[in-house]
Every structure is written in C-alpha cells, then in structure tokens.
Amino acid sequence: MMRRLIFIFGIVQVLLLGAVPGIAAAQSASAVPEYAMKAAYLYNFSLLTSWPNQPSGAFNLCVFGQDDFGPTLDGLQGKVVDSQQMRVLHISRAEDAKQCQVVFIGDVEPKRVARLMAVIERSPVLTITDDKRLQNDAMIYLAAENQRLVFEVNADTSKRANLTFSSKLLRLAKRVVMQ
Amino acid sequence: MSNKNEAEMRESPPADRARERVRVASSVHRVAKLGFPPNFKRLSFAGLVAAAFVASHVRADDSEMDLTKLPFEQLVNTEIITASKLAKQVSEASSAVSIVTAADIKAYGYRTLDDILQSMRGLSVAQSTANGYSFLGGRGFGGVGDYAGRITLLIDSHSVNESVGGQSFFGANGFLDVELIDRVEYIPGAGSAMYGNGAFLGVINVITKKGRDFDGTQVAQEDGSHQWNKSRLTYGKQLENGLDLLISGSSYSNDGRNATRYQMAGAEERLEREQNHRLFLKASYSEWSLESGWVRRPIYAPISAEYSSDESRFISLTHDARLNQNLRLSLRGTFGEYLFNNTGTDQWGPWFDFSRGRWGGIDAKFVGTWFDNHTLVLGVEHRDDYQLRMVFANPLTDTNRRTESFYVYDDYELRSNVQLNYGLRYERRDNGSEIISPRAAVIFKPWSATVLKFSSGVANRQPTPFEEYVAYIYAGVNSVRTERVQLNEFVWEQRLAPATRLMASLYRYRTDGRTILFDSSYVSQKVFAQGADVEVEHSWDGGSRLKASYAWQDSWNKQGVWMTNSPHHLAKFNFTTPVWGEKLRVGLETQAVSRRLEPTDPQVRFGGYSVTNLTLTSSHAIQGWQASFSVRNVFNRSYSDVVTSDGRNVWLQLSRDFK
C-alpha cells in the first residue's frame, strides 16, 4: 500500500517537473495568449472586409454571449477602420445585433444563436466565432491548431449578406468553403 | 446448482434444451470471489498532489505588445498559448451532462467506448471477457442485461440500439473506432421527450468527426497485451465544393484472453479469440447527410458456446431544410439490421442460437420560432421492425412490430434568467399498446455564474421482443407489462472561476413494473433509486486539464433488498498535462468502485477496487506521426466484476497522416 502511494507521488512529481519546462517554453518571447491574438484577428478581419453601404458613424464590433476576451478587446476601442472609429459593444439581445458591423459569438446556447442568425439573416453583419458547434453557421470560424490560430471562411454565407472579403484574407485562411 | 442442472439435463427431453439456451443467454456465469477494500486514501492523495500542482502553477502574463501593429501575415505564423477552455455540451438536456472530448480520448488512451463510459461520473462498466459483452451500470440499474433497452446509444443523434433485445454495444461489437469520435455526451435520466422508447434511464450521444478534421489519409496500427492487434485506414476531407467525406475501415483481433468456463463438469480454462471488422462512411453536402456503418464481431471459443458472432449495420439519410424564417425541418430515413449467431455442442449434439432484427424508420422534426421567447419542437416518427426472428435451440419466433410516435416540446424563456422546458411523447404500437411520457423542467440562473435545474417526468418503456419471447417461454406469459419510471432531479452548475466548473446533482427514481429476467424466470418489480453526484473540472492555460467526480447511489426493491451490481460509491479522477508541448503529454486516470452484490446471487458480494491507468501521447514530434503508449491497471489489481479482470494491459498505437 505504501509502495503504491510512493509510486503515485513519484508520477505526479514527474508531472510537476515535466510541466515546468512546458510552461517555460510557452512563455518564450514570441508566444501570445490566445484571446489577445483573437482580438488582433478581429481587427484585421474588419480591415479586410467590405460592407455594402457604410453609414457614417461608428464601426460597431459586438460580442454576443460569454466574453472570454477580458481586457484585450478593449484595446481595439477607437481604432480606425475605413475612416470610422471602432466601438466595442457587448450585446445580449439578438435584436441589438442589427446595429453591428461585426458580431463575435462567444459561448452561447445554440437556441439563442439560432435566434440571432434569424434576426441578422441577409443583413451585412460579419459573424465570427470560435465555438466549434457553430463552425458551419458563422462566416469566419477561429480555431487553435498546432499552437497557431487558424481560421475558416464560409464564402456563401458572407455572399448572401453582401459582404466581400479581400483576396489577402482569403489567402491567409486555412480553408474557404464554397458551395 | 450444477448438480441439479445435471440431473435435469439427463432426465428431461431435448425440448428443454431451449430453456437451457435461453437461461444461458440471459444470465451471467459465476466467478470466484476476490475481495479488496476500496482504496480511497490513494485517490485523495493523488488529489492533494494535484492541488499542490495548482498552487505552484505559474500563470502566463498577458502580452503588453500591440498586436494590431503587426502585419496579418506575421500573426498567422505566431505561436499562441492556448487559453483554458471547458468543453461545451451539444446535446439539448436539462440534466447534468457528462462530456468526453476527442482530446480526452487521446490523452487517456481510451481504446473502446467502454473505456470512455467507464471514466464518466456515476457510470461503471463491467467488461466481460467471457462472452464479449459489457454491462453498463449507473443510476439504479446494474444487473446483467439491465441497461439493455433502457439506455439509448445515439450516433450523430440517431439510435443504434438493436431491435431484438434493445442492446447497445460499447466494445468491439460497436460501430465506431474511437479515433472517429469527436465527443461523447452522457445524459442521465430520461433525457428528453425527444428520445424514444429505449431512453428510459439515459442517453449516450456519440458525435463523430467530420472529414475535414482528418484532411487527408490516416493509417494507424495498434498492438497490446493479450495479443491485441488493430489496423485502421481512414480518409477524410472536405472538398472545394463543400462536400465533406469520411470513410474508415478497421480490423482487430485479440487472442489469448483467459475465459474460465464453469460447466456441469466443473471449471474449465480456455483461450478465447475475438475479432472484428468495421466500415464507416459519412458524407455531407449542403443540407444533406448520409451515414452508414457496419461491424462484424466473431468470437471463437467464448464461455457459453464454441462460436459467437454479432453483426450490425445501419444506413441513415438526413435532410435539414429551412422552410421559412421561423420553421426548420429535419427529415431522416433509417435502415438497420442486427444478426446474432451462437453455436456449440452439448450432450444432444450441435445446437445453435440465432436472432435477426431488421428495421426501418422515418423521423420528422420541426422546430418553430414563431412566438417570441418560445422554441417549439414537434416530432413525428414511424418505425417498422419488419423482421424479428429468434431461435434458441428449438422454438422459432418470427414476428414484427410497428410503432408510431409523436412528441411536442417547448422551450419557453419566461424571463432572461428563467427558462421552462416541458413536453410529452406519445407512442403507439400496432398491438394497441399506448404510452405517454410527459416531462418538465425549470432552469433558473440567479447569478451569471450559477445555473439551477429542477426536472421531473415520467418515462415509459415497451418490453423488447427478447423480453416478450423469454416471458412466454418461461412463464407462459402472453403480455409483458410496460415499465414506468418517475424521475425527479435537481442539478446545480457553478462556474467557480473562468475555467473551473462544478456540477452537482441529486436524483430519485421510482420504477414500476421493472422487468427482470433472472436466471430463467420473469419477474415484474418495483425498484427505487436515489443518489447524489458531484464533478469538478478545471483547465489551465497551456493545455493542462483536471476532472474529478464522485457518485453516491442506492437502489432497492419493494422488499427493501439492495439491487445487484449497484455500488454505493464511484469515484473518478483524470489529469492530463503537456510535458513538452504536444510532443509529449501525460494522462493519468484513477477509478474506484465500492462493494456490490453479485448479479445472480445476492448472497455474494464483490469487493471494492480501484484501477489506475497511465498514458503517454506524442503528436507531431516527427511531422505527420502520432504515437500513444498506455498502461491500463498499472498496479495489476486483481478484482472480480461480472468476470475477473485481465490484469495489467499495455498498449501502443502509431498513426501516420498523409495530407
């Protein structure tokens, strides 16, 4: 019995020792926290997408549902996109999405997402998500792969909404789905 | 008992051979009893050390750099530290759902669906190496064959239970290689009104990966103890036009497992060989999807016969349509077949058991959002079991049955933090038997990090064709009662920290008319079950994860007698951490089960035991290669369950991707 306790203790010590280099490696100068990177991607997507009619005023980047960004998204406040000032908003009602140019869908129950999609269908709203359940529904899907942040583009969903992506964005996508 | 059997066999005419075949088919075989006390001290020690790890863990600092100043081309090539994330459930349920993801399957070296279920809160799986079946035990059920017909196994939301006995297969006789699984969700209780007759005590929803998750060809080879050997070839891709295709085939064999056979002459050691072949196909394009699977699992020299084989196949076509802005329709057509063969020899010469079920069905599910704050679901299902053939030595039964079902269900958002789910399911068989199963739940979010769920319902279950057949052969009973369970459950989900989740549930079940096929007799009983379980899950930045669960359960019949194979305590612990990125990862798992009664003899108690498994995985240390090395039952504990354990198991898997 004692031997087994020591054995388990030994294994976990190995894990502890082994985990430290893992953490240390990840903290090397070049590695970036996932959500800080996602915020930067949202900024770049906004730059590389064209909306049909640009009403004057603010460019609204909205987050629907659970917000895992923390302070990283606030850094985008006031940045200039298409000669407009970017505003970061948090919305909880599907109807509020109509005033947004970009909606990032966080951790939300699928039912609420269905309602959101119904409200903004065919409206020029760029939908982005990192939720695997919505991989087919959102226009851009973000995922972590091999320690990099990759993204997929649903070309026909965005076409139906009258949004155009620059060739640079399509080139950098991991995959562009068209039907 | 064996002397009595011997005497009966000598004097009785061959017609009673049928009774003997059925008795064997529906009962378990005795094994020697070995007792080991449960070792919770070890479990809690491991937990303490894990807690020490948490305390000493250094969190990564947020970068001060303004990434928006860097060119996009540079960002896509920059390494990220993956954020801590908890798995999100896919199944619609108002119970506490247990989730195992593809990352868990890899990290903990799960080889079969049995291994996956064994890690879940409140579930225990007894894997019988003797005749190749595994027995699932959980809330209030645990006797051999108890779960059959009472748990529904779904693959991508359609049921794959076989039609004769309502069994679902989690071992080598199941359809899926675990590498094709994206996640497994277990919904205890009567699931929801949406799942049919067999979803009496729970639903296991297995969601498969898509072709694009493979993005090419994958070849894998496994070798392990007891001459475990498996080869697999998988191709998966999403084409430019959007067609997503996944095709996979595999072949497995496992020689040399000891199977102790207790026959009239005494104990007899024999070696048993198990094999399987599998094919799986999944194609989806736009609003259509097609899925098909085939598995054949022969066993040579199993305990009860000389040769036994299970073969299953299914094909399913689904169409999802958006009829208008407020109405969606999902239409599905399914065909399935199950074939069972069992042959051997006794003093009257060679015999064979055989059963075959063939069925087809059409389901339509409408989802309507016409009313603000309401999501209405209406479903209509038609199922035709057009062939149900059973042969046990002599009497051949050739029958069929048709079932029509209708269900309606509403999700009502009463307030922003209060939701009501309620509905009912109506089923009618062609023999006139009707059942109605209503269910209701309240989901309340007093604060943003807390969810409370109260649910209550009644579920009914028609007897399976096998139950009706056995009841008729033994008790001359022409109609078997419908089982009815009343369930009440309370669930509390709490987000303790951004990546820490706590889930606790309390439940009480009351079953009327529980059909028990006990050692060749048919009994209809009242069974009560109650229990509590708790689970904690935590995830760290950088990819370490921890999950620990404890379940207490008690089940008894009307006479107050403790039900068989229903342990009072079940504890599970899982921890995985990368040691060198994903080039080397460790997964540690411990499961502890307390004492329980032997399924066929309440005088016999199986002792408690705990099992520890350790897995090392390596992903892309060399481009395109993945390797996994696993030791199951590290401490080589000898324990008795439905059959004795097979000691320490070592296993190695190598796979290569061609993209």
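The values are calculated or read from the model by the stated rules, or taken from the named source; none is laboratory data. Since the model is a prediction, treat every value here as computed from it, not as a measurement. Note that we place each Cβ from the backbone using ideal geometry, even for glycine, and neighbour counts take in every protein chain shown.
Okay, here's what the table says:
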{"item": "All positions within region A:62-80 that are crowded, with 19+ Cβ neighbours inside 10 Å and aliphatic (A, V, I, L, M)", "result": "A:63, A:73, A:76"}
{"item": "Residue within region B:545-554 that is farther than 24 Å from residue B:189 by Cα, within 10 Å of another protein chain (Cβ to nearest Cβ), not β-branched (Val, Ile, Thr) and not in a loop (DSSP other than H, G, I, E, B) present", "result": "no"}
{"item": "Residue check for residue B:107: modelled with pLDDT of 65 or more, under 16 Å from residue B:539 (Cα atoms) and either in contact with a Lys or Arg (Cβ under 8 Å, 6 or more places away or on another chain) or more than 7 Å from every other protein chain (Cβ to nearest Cβ) (or both)", "result": "yes"}
{"item": "Flag for residue B:496 being assigned to a strand (DSSP E or B) and in contact with a Leu (Cβ under 6 Å, 6 or more places away or on another chain)", "result": "yes"}
{"item": "Residue in region A:149-172 that is aromatic (Phe, Trp, Tyr) and either part of a loop (DSSP other than H, G, I, E, B) or facing another protein chain (nearest Cβ under 9 Å) (or both) present", "result": "yes"}
{"item": "Checklist (1) aromatic (Phe, Trp, Tyr); (2) without any contact (Cβ under 8 Å) to a residue 40 or more places away in the chain; (3) under 20 Å from residue B:163 (Cα atoms); (4) surrounded by 16 or more Cβ atoms within 10 Å (Cβ to Cβ) applied to residue B:340, failing item", "result": "(2)"}
{"item": "Whichever residue in region B:555-579 is of a type outside the set (A, V, I, L, M), part of a strand (DSSP E or B) and surrounded by 21 or more Cβ atoms within 10 Å (Cβ to Cβ) and, among such residues, is farthest from the other protein chains (Cβ to nearest Cβ)", "result": "B:555"}
{"item": "Candidate set: region A:121-141, residues that are away from chain B (no Cβ under 12 Å) and among the aliphatic types (A, V, I, L, M); chosen: the one nearest to residue A:175 (Cα to Cα)", "result": "A:140"}
{"item": "Tally, over region B:378-388, of residues that are more than 26 Å from the chain's Cα centre (by Cα) and in contact (Cβ under 8 Å) with a residue 60 or more places away in the chain", "result": "0"}
{"item": "Lone qualifier among A:114, A:97 - being assigned to a helix (DSSP H, G or I), under 21 Å from residue B:416 (Cα atoms) and at the interface with another protein chain (Cβ under 9 Å from one of its Cβ atoms)", "result": "A:114"}
{"item": "In region B:552-569, residue farthest from residue B:605 (Cα to Cα) [restricted to those that are without any contact (Cβ under 8 Å) to a residue 40 or more places away in the chain and aromatic (Phe, Trp, Tyr)]", "result": "B:552"}
{"item": "Filter result (closer than 25 Å to residue B:633 by Cα, charged (D, E, K, R) and loosely packed, with under 15 Cβ neighbours inside 10 Å) within region B:203-241", "result": "B:223"}
{"item": "First in region A:110-126 and in contact (Cβ under 8 Å) with a residue 60 or more places away in the chain, second anywhere and surrounded by fewer than 15 Cβ atoms within 10 Å (Cβ to Cβ) and not in a helix (DSSP H, G or I), Cβ under 8 Å, 6 or more apart", "result": "A:124/A:52; A:124/A:53; A:124/A:162"}
{"item": "Among (1) more than 30 Å from residue A:107 (Cα to Cα); (2) touching a Pro at 6+ places or on another chain (Cβ under 8 Å), the one test that residue B:462 misses", "result": "(2)"}
{"item": "Pair list, Cβ under 7 Å, 6 or more apart: region B:86-98 residue away from every other protein chain (no Cβ under 12 Å), other residue part of a loop (DSSP other than H, G, I, E, B) and modelled with pLDDT of 75 or more", "result": "B:95/B:189; B:98/B:120; B:98/B:121"}
{"item": "Residue that is farthest from residue A:75 (Cα to Cα) [pool: residues in region A:37-51 that are among the hydrophobic types (A, V, I, L, M, F, W, C) and within 10 Å of chain B (Cβ to nearest Cβ)]", "result": "A:48"}
{"item": "Matching entry among A:59, A:64, A:104 (being farther than 14 Å from residue A:128 by Cβ and either touching a residue at least 40 places away in the same chain (Cβ under 8 Å) or among the hydroxyl-bearing types (Ser, Thr, Tyr) (or both))", "result": "A:59"}
{"item": "Evaluation of residue A:143 against (1) free of Cβ contacts under 8 Å to residues at least 40 places away in the same chain; (2) in a strand (DSSP E or B); (3) crowded, with 18+ Cβ neighbours inside 10 Å (one fails), failing number", "result": "(3)"}
{"item": "Odd one out for residue B:139, checked against (1) modelled with pLDDT under 85; (2) more than 25 Å from residue B:552 (Cβ to Cβ); (3) not aromatic (Phe, Trp, Tyr)", "result": "(2)"}
{"item": "Total residues in region B:419-431, condition within 14 Å of another protein chain (Cβ to nearest Cβ) and surrounded by fewer than 21 Cβ atoms within 10 Å (Cβ to Cβ)", "result": "1"}
{"item": "Residue within region A:82-90 that is within 12 Å of another protein chain (Cβ to nearest Cβ) and assigned to a strand (DSSP E or B) present", "result": "yes"}
{"item": "Leading residue by the ranking (surrounded by the most Cβ atoms within 10 Å (Cβ to Cβ)) among those in region A:44-61 that are under 25 Å from residue A:114 (Cβ atoms) and in contact with a helix residue (DSSP H, G or I) (Cβ under 8 Å, 6 or more places away or on another chain)", "result": "A:61"}
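Quick grid of which residues meet (1) touching a His at 6+ places or on another chain (Cβ under 8 Å); (2) of a type outside the set (Lys, Arg); (3) under 30 Å from residue B:496 (Cβ atoms); (4) in a strand (DSSP E or B):
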{"site": "B:404", "(1), (2), (3), (4)": "yes, yes, no, yes"}
{"site": "B:423", "(1), (2), (3), (4)": "no, yes, no, yes"}
{"site": "B:437", "(1), (2), (3), (4)": "no, yes, no, yes"}
{"site": "B:447", "(1), (2), (3), (4)": "no, yes, yes, no"}
{"site": "B:458", "(1), (2), (3), (4)": "no, yes, no, yes"}
{"site": "B:467", "(1), (2), (3), (4)": "no, yes, no, no"}
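Residues are listed down the side, and each one gets a yes or a no for (1) touching a Lys or Arg at 6+ places or on another chain (Cβ under 7 Å); (2) in a strand (DSSP E or B); (3) not aromatic (Phe, Trp, Tyr):
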site: B:372; (1), (2), (3): no, no, yes
site: B:386; (1), (2), (3): yes, yes, no
site: B:407; (1), (2), (3): yes, yes, no
site: B:428; (1), (2), (3): no, yes, yes
